[in-house]
Amino acid sequence: MMLSSYPLWWLALPVLLLPVWWHRQKRQRLKAESLATARFLPSAPPEQLRVWQWRDKVLLMVRCLMLVALIGWLAATIFPWRGDTVLIDAGVDKAWAEQQIATAGFSAATRMPLPPGALTWLRQNERDWRADAKLLIVARDSQVAMPARVPQFSHQLALRTSPAPTASLPATAGTTTTADAGASSPLVLQHVVLAAAESRAQAWRSLFAAFDTAGGRASLYTLASEPGAATTLIVWDTPNSTPPVTWRAAHWWIAAPTAVFPELAHASTLAINGITLKYADSPRGRLWTSDAFPPRDADTAHALYEAWQLLAVNPAPAYATPSQTFAETRSALPAISEARPATWLAILLLALFMLERILTHARRN
């Protein structure tokens, strides 16, 4: 079975042109005949011409095969090169992450972004790490799903996860009752913080006033200037300023993404009910942004309301993996040990090298 652990080595195949070029040229010395008058002329070294023709075709074929075998051996051979490494989640709290890295003794370790499906990806690419290397994953617990079985690794792996902010959509801050046709129905109170310039604040107030009347007046949105314990949503529409570090809410609506919210640079995209939303988790809460913030007409406002209500029925997330340490439980890499092309390629390479030396020596004699 042919296995390319590092297939980029096959990009070196153009090197086969070197022996072809070498064998196509031949240096031919011009035949010189002495004349009687040549003794009166200054001496000159003999000239050489290069003419293109095929020479030693068997030797050329052996050298090309030797280069192909060398490239194949490099592509199939595993050279572990990574040392101690920290796989860090881009959305994790930076201060907490640095504390965990320092506590685990990985301050000098190489850092790389956490790939999707980190545990599965690590099992598939574990061959890149040296035998004495150790690994550390620092992430939010929602980014590392708990596997059905305890994963087995050939290296010691420490996992440090932090609880992510609550991300239920939209959260209920409180309820009251209102009479409608003689019946009593619950009224959901939504506490919203509005931080916007006065020129745009009126558009947001009109939006939440429309939200109050939508859905049979099942929800009541109350606006405030600062968040409290019951705040479920913060609307941030001041792109030239930074929100206070103490502000926290389950959800943020960001009208104009800026460098203040770097998590949105890697945001996921969700299209629902004709509204395109981008979202990303952060220590402040889940960040949302859209070109529809704030809506510019009644149809867009209605579509945004329906989209936000549909998001309230999100499926439950996968079980998060708690912080733990995985000891070395694998002595070999099964995906690699089943295919051993490097051994016979090395033997073939040695045989071709010996044959090439024999042919080269025979040609000289």
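The values are calculated or read from the model by the stated rules, or taken from the named source; none is laboratory data. What you are looking at is a predicted structure, and each value in this text was computed from that prediction instead of being measured. Glycine gets a Cβ as well: all are built from the backbone with ideal geometry, and neighbour counts include every protein chain shown.
Pick from LEU207, LEU220: which is closer than 17 Å to GLN309 by Cα and modelled with pLDDT of 85 or more?
LEU207
For TRP121, work out the one condition from (1) closer than 30 Å to THR232 by Cβ; (2) surrounded by 13 or more Cβ atoms within 10 Å (Cβ to Cβ); (3) free of Cβ contacts under 8 Å to residues at least 24 places away in the same chain it doesn't fulfil.
Unmet for TRP121, out of (1) closer than 30 Å to THR232 by Cβ; (2) surrounded by 13 or more Cβ atoms within 10 Å (Cβ to Cβ); (3) free of Cβ contacts under 8 Å to residues at least 24 places away in the same chain: (1).
Identify all residues within region 69-118 that are assigned to a strand (DSSP E or B), crowded, with 19+ Cβ neighbours inside 10 Å and either out of contact with any strand residue (DSSP E or B) (no Cβ under 9 Å at 6 or more places or on another chain) or not aliphatic (A, V, I, L, M) (or both); write none if there are none.
THR85
State the number of residues belonging to region 82-132 that are more than 27 Å from ARG284 (Cβ to Cβ) and either out of contact with any helix residue (DSSP H, G or I) (no Cβ under 8 Å at 6 or more places or on another chain) or among the β-branched types (Val, Ile, Thr) (or both).
So the count comes out to 18.
From the list VAL192, VAL188, pick out the single residue that is at pLDDT below 85, farther than 25 Å from ALA90 by Cβ and in the same structural domain as ALA280 (by TED's automatic domain parsing).
Unique residue meeting the criteria: VAL188.
Among the residues of region 38-93, how many are among the basic types (Lys, Arg) and at pLDDT 70 or above?
Qualifying residue count, region 38-93: 3.
For TRP252, indicate whether it is in a strand (DSSP E or B) and either under 28 Å from the mean Cα position of the chain (by Cα) or not assigned by TED's automatic domain parsing to the domain that holds HIS302 (or both).
yes
Is it the case that some residue within region 200-217 is surrounded by 14 or more Cβ atoms within 10 Å (Cβ to Cβ), in a loop (DSSP other than H, G, I, E, B) and without any contact (Cβ under 8 Å) to a residue 40 or more places away in the chain?
So far as region 200-217 goes, no, none of its residues is surrounded by 14 or more Cβ atoms within 10 Å (Cβ to Cβ), in a loop (DSSP other than H, G, I, E, B) and without any contact (Cβ under 8 Å) to a residue 40 or more places away in the chain.
Each row is one residue, and each column tells you yes or no for (1) of a type outside the set (Ser, Thr, Tyr); (2) closer than 27 Å to ALA214 by Cβ; (3) touching a Lys or Arg at 6+ places or on another chain (Cβ under 9 Å).
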residue	(1), (2), (3)
PRO243	yes, no, yes
ILE272	yes, yes, no
ILE275	yes, yes, no
LYS278	yes, yes, no
PRO283	yes, no, yes
TRP288	yes, yes, yes
ALA292	yes, yes, no
ALA298	yes, yes, no
LEU304	yes, yes, no
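Residue by residue, here is whether (1) closer than 23 Å to ASP93 by Cβ; (2) in contact with a Phe, Trp or Tyr (Cβ under 9 Å, 6 or more places away or on another chain) holds:
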{"residue": "ASP128", "(1), (2)": "no, yes"}
{"residue": "ALA131", "(1), (2)": "no, no"}
{"residue": "LEU135", "(1), (2)": "yes, yes"}
{"residue": "VAL138", "(1), (2)": "yes, yes"}
{"residue": "ASP141", "(1), (2)": "yes, no"}
{"residue": "ARG149", "(1), (2)": "no, no"}
{"residue": "GLN152", "(1), (2)": "no, yes"}
{"residue": "GLN156", "(1), (2)": "no, yes"}
